[in-house]
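Note sheet for the following structure.
Rule-based calculations on the coordinates, nothing more; no lab input. Keep in mind the model is a prediction, meaning the values are calculated, not measured. FYI the Cβ positions are ideal-geometry reconstructions off the backbone, even for glycines, and counts take in every protein chain you see.
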Number of protein chains: 4
Amino acid sequence: MTIRALVWGENVHEQTNADVRSLYPDGMHTLIAQALGKDSAIEASTATLQDPEHGLSVEVLEKTDVLLWWGHAAHGDVSDAIVDRVQQRVWEGMGLLVLHSAHFSKIFKRLMGTPCSLTWREAGEKERVWVINRSHPIAAGLDPWFELPQSEMYGEPFAVPEPMETVFTSWFQGGEVFRSGLTWQRGAGRIFYFGPGHETYPIYHDRNVQQVLRNAVSWAANAAPDWKGIEQAPNRPISEALEPIEQRGLSLHQNGDEGFK
Amino acid sequence: MTIRALVWGENVHEQTNADVRSLYPDGMHTLIAQALGKDSAIEASTATLQDPEHGLSVEVLEKTDVLLWWGHAAHGDVSDAIVDRVQQRVWEGMGLLVLHSAHFSKIFKRLMGTPCSLTWREAGEKERVWVINRSHPIAAGLDPWFELPQSEMYGEPFAVPEPMETVFTSWFQGGEVFRSGLTWQRGAGRIFYFGPGHETYPIYHDRNVQQVLRNAVSWAANAAPDWKGIEQAPNRPISEALEPIEQRGLSLHQNGDEGFK
Amino acid sequence: MTIRALVWGENVHEQTNADVRSLYPDGMHTLIAQALGKDSAIEASTATLQDPEHGLSVEVLEKTDVLLWWGHAAHGDVSDAIVDRVQQRVWEGMGLLVLHSAHFSKIFKRLMGTPCSLTWREAGEKERVWVINRSHPIAAGLDPWFELPQSEMYGEPFAVPEPMETVFTSWFQGGEVFRSGLTWQRGAGRIFYFGPGHETYPIYHDRNVQQVLRNAVSWAANAAPDWKGIEQAPNRPISEALEPIEQRGLSLHQNGDEGFK
Amino acid sequence: MTIRALVWGENVHEQTNADVRSLYPDGMHTLIAQALGKDSAIEASTATLQDPEHGLSVEVLEKTDVLLWWGHAAHGDVSDAIVDRVQQRVWEGMGLLVLHSAHFSKIFKRLMGTPCSLTWREAGEKERVWVINRSHPIAAGLDPWFELPQSEMYGEPFAVPEPMETVFTSWFQGGEVFRSGLTWQRGAGRIFYFGPGHETYPIYHDRNVQQVLRNAVSWAANAAPDWKGIEQAPNRPISEALEPIEQRGLSLHQNGDEGFK
């Protein structure tokens, strides 16, 4: 089965910062999509903040198995209505990879229900990513650790819910640690947060980082049919009860009512 | 230490439905607060939708250790700004008990990041609440199960994140099951969802239900100082790094910048 | 990739009880293996308590991706040395499906670290299995619930660790509930416990049960290379430290020592 | 309520190694018990490997609310029968703190069901313990991090089950990370593993380490009555079913049988 991945890039610093543009002349989203495409089972496309509907129309999202999200300077410019739409698709089963500074994206904060805050330092220091859950699909093909010679420090406490799995934890040269690879499920959708990815360093050119992203796309793709209507609270009328019961006591609702929301 | 509990009631059906009023002449919130007050370590007060700021002013919330939330018909009438405020307080460490139909409250959906949907039937059928985690503080003093002779059926799938702990699971006469007592942590705040509580039955008059609520208030009260500023992402400047490092590579930020949000 | 599944059957009641034999003339293990084989991606074989080394030689286990375990009357007859061997293989990445009365098997108790006790009643009552995690791979192709007209009641509390995921919860006619489909990871191995399976009813002839087992085999198969040596605690000598450090302070060990066990 | 803590020390290196004895002239267990006793709510006593029944008689364990376990060189000398006894008490509700090299103790491996392996280096390097779950009771009174100037490196992967909560994660000077404070529940018992504690450094003299141990004892103490019989699987006879049912189908057992084990 081909996995349809969509790489969403904020695409701001690539336009406004010459250093970032020199690292990612076609945008970070484009390079990431190319990296995913090295796995023949992944069909990757891109979308950006500047596209109509941020490139996330109903039609596009319907055809997306896994969405990758990179944002940093313009989280507030993402339309709430489109965040609603993305959240609904995650609930229905679309996978989501949240990259680096997207820890503060609207969609991630929405799905976590927590501040998603952390500490940070942009010093170009060394980050060593340790594999905690060695046989996890997201760690496939990796050594016990890998290094990024220059990285932005992201440090604990990372204000997210306890994860389903801790896949990676990072060591930083300046003395901090960070749970840099975490998984959760929300509705039917699987979510992976990955820490590395600062735009002034060539992180997404890194072989190991690219491997992690490909692995995570495969992991997050849910083969189940979309769970349409997951947000509904259907009434099961008495007449259709699985065991014979009769109405007793007082009631607010007429049989078959839709209920309050 | 006295725990300051605040029982928030939507207080709509008590006004508009004679049956509900006859069960709860002073409102469900008042009866629940009285039930909590039977534990001398709990000091319980109330607030309702109709109060100014829904009774949830900054000052009131600052002095609240555990908030209980019951809503059903008017979730949409709760101000988003006040939901923001409550969510912030949960992150800082305030406990939250989410009762029955408040599964669809704005605050619960915000903290879970999921639809929080379920199936339901108002037939006055029997609910038997089984204790799954017998020695959990929330189950203190309970038998292995207890029954509610008339209850609204809430059934699976309950679209919430995997809980930290499953404390209760309910059996329904009509054939369904429901995870009726679940815990989570979000930020520093502990959250407990409890299923029973339909307003046309005398659920909150039940001895076991009252015991559960008192237990859960004690469990959710966090002795730690409030985590003010949990939503901030502080920069750790290079000059204050715990290990000696020097600026390397390119950078977006000046040292000490606030960062993007 | 073909998944090599091995169905281990205690194979006692099939020999000693005419009722069980009439349901499973070739043994429960054989029928289960046949059910797995309906998925062309699964290659299923069998082993029994009575085989030399219980059919679980080092060679056989090395070639097993997922082991299914059914036992009831003869848990105590399983050799501790072979339980050690199976546990080691689970740690290395072999999947394990624990079926029904195998909740009290040595291997399950070893991997859980808990009593794995429950309550039970053999009344031939109805069991309705509810899908809790609808889009989970183990629930693929199932309706929101399925029924077993005659089943042995297994009831809560089920003394196992909080699971990674609750996939199924069962409703019983006699009034109990049971978390009948649970997942865990131990070492690199994925474990699934499935409740239904009493030998005096034709449970493993059931279409839905067979579907669950096939799904679970696929889910439990770990594509990662076996994690050989997972039980070792390797010394990382100072000379190979990733950051330059020097010996300081007192020491118990000579550099390169094996450490205590 | 006074919490009765029992500090179990292997007490080998204090006898055989002059360096260790100079740090802990009365044994590590004694110093730890003294540190616990600074909290007036904790009543701490000690037991050692060399005592009759390792100091863990039935009577002593019955009166223990929280057991602390430190072992290193002599894990194999601990009697299996006594490990059985301790495990049973944890299931019944006794708290357990597992200290440093006790990651390889029989009791911890039993309760985890995993190898509990890790990597290590005895170089006297700096360990910085980061608080991950800042408002957790075990972190009460701590700064965002604390340092141990000399520590034994324990590194990932740490082969334990996903924890209920990650409270601490350590940064090591030599480049590794380690989840140094983890919680689980097994049966009714709460378990906390704490990484620091190598015997050739004065770790248990450290103010922060002592604070962690006192906090953890309070956290692990379970106010619920002991869950006696948790290992039993009681039959619920048809005559006592909560809902009216009749025997149907075939059966292995006579009503009221004890069941297989």
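Taking residue A:2 in one copy and the same position in all the others, each labelled 7 Å out along Cα→Cβ, what are the pairwise distances from the first, in nm, shortest first?
3.0, 6.8, 7.4
With an 8 Å Cα cut-off and a minimum separation of 6 or more residues, compute the relative contact order for chain A in percent.
19 percent
Using a basic spin-label model with each label point 7 Å from the Cα along Cα→Cβ, how many nm lie between residue D:246 and residue A:2?
Each label point lies 7 Å from its Cα, and together they span 6.1 nm.
Which of rounded, prolate, oblate describes segment D:29-131, given a ≥ b ≥ c as roots of the alpha-carbon gyration tensor eigenvalues and a/c under 1.5 marking rounded, otherwise prolate only if a/b is larger than b/c?
The shape class here is oblate.
Just check the protein assembly as shown against the gyration tensor rule for me: Cα atoms, a ≥ b ≥ c as the square roots of the eigenvalues, rounded for a/c under 1.5, and otherwise prolate or oblate depending on whether a/b exceeds b/c. Intermediate results must be reported in sequence, preceding the final value.
Working: a/c = 1.25, a/b = 1.08, b/c = 1.16.
It comes out rounded by the Cα gyration axes.
Label-to-label distances across copies for residue A:228, with labels 7 Å out along Cα→Cβ, in nm, shortest first?
Relative to the other copies, residue A:228 has label-point distances of 5.1, 5.1, 5.9 nm.
Stokes-Einstein diffusion coefficient for segment A:146-260 at 25 °C in a medium of 0.890 mPa s, Rh from the Kirkwood formula over Cα pairs: what value in µm²/s?
Once the numbers are plugged in, D ends up at 132 µm²/s.
Output the direction-averaged projected area (hull surface divided by four) of the convex hull of the alpha-carbon atoms of segment C:1-68, in nm².
Numbers: hull surface 18.1 nm².
If you wrap the Cα atoms of segment C:1-68 in a convex hull and average its projections, you get 4.5 nm².
Can you tell me the 0 to 90 degree angle between the C-alpha axis of helix D:80-92 and the longest principal axis of chain D, rounded to 10?
That works out to roughly 70 degrees.
Rounded to whole Å, give me the distance from the Cα center of segment C:164-241 to that of segment B:20-44.
Segment C:164-241 and segment B:20-44 have Cα centres separated by 44 Å.
Can you give me the angle between helix D:207-220 and the longest principal axis of chain D, using Cα atoms only, in degrees from 0 to 90, rounded to the nearest 10?
It is inclined by approximately 10 degrees.
Does anyone have the angle between helix B:28-37 and the longest principal axis of chain B? Alpha-carbon axes, 0 to 90°, nearest 10?
That helix lies at roughly 80 degrees to the long axis.
Can you show me the helix-derived [θ] at 222 nm for the protein assembly as shown, built from DSSP H runs with n ≥ 4 at -39,500 (n - 2.57) apiece and divided by the number of residues, rounded to the nearest 500. Kindly include the intermediate steps, with their values, before the conclusion.
Numbers: 28 runs with 236 residues, N = 1044.
Result for the protein assembly as shown, helices only: -6000 deg cm²/dmol.
For segment C:188-204, what does the Karplus curve 6.51 cos²θ - 1.76 cosθ + 1.60, with θ = phi - 60°, yield as ³J(HN,Hα) per residue in whole Hz, taken in order and with x for Gly and Pro?
Each residue of segment C:188-204 in turn: 8, x, 9, 10, 10, 9, 10, x, x, x, 5, 7, 8, 10, x, 4, 7 Hz.
Please report the net charge: other residues with Cβ closer than 12 Å to the Cβ of residue D:1, K and R +1, D and E -1.
So the environment of residue D:1 carries a net charge of -1.
Scan chain C for the residue whose Cβ is closest to the axis carrying it onto chain D, then write down that distance in whole angstrom.
C:113, 2
Considering the alpha-carbon set of segment B:195-261 alone, what are its Rg and its Dmax in angstrom?
24.5, 67
Only residues of segment D:1-35 count here: report those whose backbone N is under 17 Å from the spot 7 Å along Cα→Cβ of residue D:74, or say none.
D:7-22, D:24-31
Give me the one-decimal nm value for the distance between modelled label points at residue B:63 and residue A:84, 7 Å along each residue's Cα-to-Cβ direction.
Result: 3.8 nm between the two label points.
Using a Debye calculation, one point per C-alpha and no hydration shell, please list log10 I(q)/I(0) for segment C:71-182 at q = 0.13, 0.19, 0.23 Å⁻¹ in order.
Listed by q, the Debye log ratios stand at -0.56, -1.09, -1.33.
For label points placed 7 Å from Cα toward Cβ, what is the shortest-first list of nm distances from residue B:18 to its copies?
Here the equivalent label points are 6.8, 8.1, 9.5 nm apart from this one.
For segment D:3-220, report the translational diffusion coefficient in µm²/s to the nearest whole number, using Stokes-Einstein at 25 °C, 0.890 mPa s, and a Kirkwood Rh over Cα pairs.
The calculation lands on 144 µm²/s.
Regarding segment B:126-204, what is the average projected area of its C-alpha convex hull, in nm²?
If I average the Cα hull's projected area over directions, I get 5.7 nm².
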